[in-house]
Amino acid sequence: MTKRQKSLGVTKYGYERGIVNGEFLADHEAFLAKAATIRKGGYTGLSIAEEWFSDLPEWVARIKLDEMKPFFFGLTAIMPDKFYYTDTHGLDSLTVR
């Protein structure tokens, strides 16, 4: 587990499920473990989805983004000082601090 994951409160369960097993869309704890690996900066949700699902066709990343959006909004709600996600009129933006 990385230092950033520990500082964000990633649990052992979340790490195992989200990183080791690759099931980061299973629940919030697993998604937090994966999101903690995103470097600080500004991104689109689609760019993150394409990176995380790079082994699959591009159209799959667009579908997976719809599954990821509630988790991004959840991170914004519980950690607004670390993550900020907005999706106004389909123009999504993720800021990681």
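Every number in this text was worked out from the coordinates using simple rules, so none of it is lab data. Because the structure is a prediction, the values reported are computed rather than measured. All Cβ positions, glycine included, derive from the backbone under ideal geometry; neighbour counts span all protein chains shown.
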Sequence of Tyr15, Tyr43 once ranked by neighbouring C-beta atoms within 10 Å, starting from the fewest: Tyr43, Tyr15
The stretch 7-14 - phi-based ³J(HN,Hα) in whole Hz, Karplus 6.51/-1.76/1.60, Gly and Pro as x: 5, 8, x, 5, 8, 4, 4, x
Cβ-Cβ FRET estimate between Thr37 and Asp66, R0 fixed at 25 Å, reported to 0.05: 0.75
Compactness relative to 2.2 N^0.38 Å, alpha carbon Rg of the chain: 1.01
Footprinting exposure proxy for Val10, Val60, Val20 (fewest neighbouring C-beta atoms within 10 Å first): Val20, Val60, Val10
Ranking of Met68, Met79 by count of other Cβ atoms within 10 Å, fewest first: Met79, Met68
Helical segments meeting 24 Å axial Cα length and Kyte-Doolittle 0.0 threshold in the chain (DSSP H): 58-78
